[in-house]
Amino acid sequence: MQKNGEDICCIGAGYVSGPTMAVVALKCPDIEVAVVDISVPRINAWNSDQLPIYEPGLDEVVKQCRGKNLFFSTDVDKHIGKPLDAWLKDMPAVA
C-alpha cells in the first residue's frame, strides 16, 4: 500500500469504534486506521477470528482490511505519539 500520509487513530475498541473504523478502512484503503485500547483481551479478540462483537458482515470487513490498513493494538503511546490526521475516542455507553 502506498502511503499518502493520512492516518486515523481511534482510542477505544468498543461497540461503536471497532465496526466504524473497520468500515472507514474498507472505504478508504489509502488511510491507515489504528484502533487502540488498553484491554488486552479485547484487542486480542479483534485480532482473532472471533471478534468481540457481532454485526452482520463485520468479520469479512475486518478480515479484508486487518493487517493492511486496519490495525488493532494495545500500544496506545505508539499510535497517539505520531502525527495523525484525525483521532477519535470511543465513549462508553451510559445506562
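The values are calculated or read from the model by the stated rules, or taken from the named source; none is laboratory data. None of these values were measured; they are calculated from a predicted model. With ideal geometry, Cβ positions are generated from the backbone for all residues, glycine too; neighbour counts draw on all protein chains shown.
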Filtering the stretch 27-64 for residues that are closer than 15 Å to Cys9 by Cα and not in a loop (DSSP other than H, G, I, E, B) leaves a count of 6
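Do we find a residue being of a type in the set (S, T, N, Q), modelled with pLDDT of 90 or more and either exposed (fewer than 14 other Cβ atoms within 10 Å of the Cβ) or over 15 Å from His79 (Cβ atoms) (or both) anywhere in the stretch 18-35?
If we filter the stretch 18-35 for residues that are of a type in the set (S, T, N, Q), which is where we start, we get 20.
From what's left, modelled with pLDDT of 90 or more: 20.
Checking the rest, the ones that are also either exposed (fewer than 14 other Cβ atoms within 10 Å of the Cβ) or over 15 Å from His79 (Cβ atoms) (or both) come to 20.
Yes, the conditions are met somewhere in the stretch 18-35.
Mind checking whether some residue in the stretch 8-24 is aliphatic (A, V, I, L, M) and free of Cβ contacts under 8 Å to residues at least 40 places away in the same chain?
So far as the stretch 8-24 goes, yes, one or more of its residues are aliphatic (A, V, I, L, M) and free of Cβ contacts under 8 Å to residues at least 40 places away in the same chain.
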Asp90 fails exactly one of (1) modelled with pLDDT of 95 or more; (2) in contact with a Ser or Thr (Cβ under 9 Å, 6 or more places away or on another chain), namely (1)
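Is it the case, given these coordinates, that Gly5 is at pLDDT below 95, among the small types (Gly, Ala, Ser) and within 13 Å of the chain's Cα centre (by Cα)?
No, not satisfied.
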Among (1) modelled with pLDDT of 85 or more; (2) among the hydrophobic types (A, V, I, L, M, F, W, C); (3) not in a helix (DSSP H, G or I), Leu84 falls short only on (1)
(message) Checking the structure you have, find out if any residue of the stretch 53-71 is in contact (Cβ under 8 Å) with a residue 60 or more places away in the chain and either polar (S, T, N, Q) or in contact with a helix residue (DSSP H, G or I) (Cβ under 7 Å, 6 or more places away or on another chain) (or both).
(response) yes
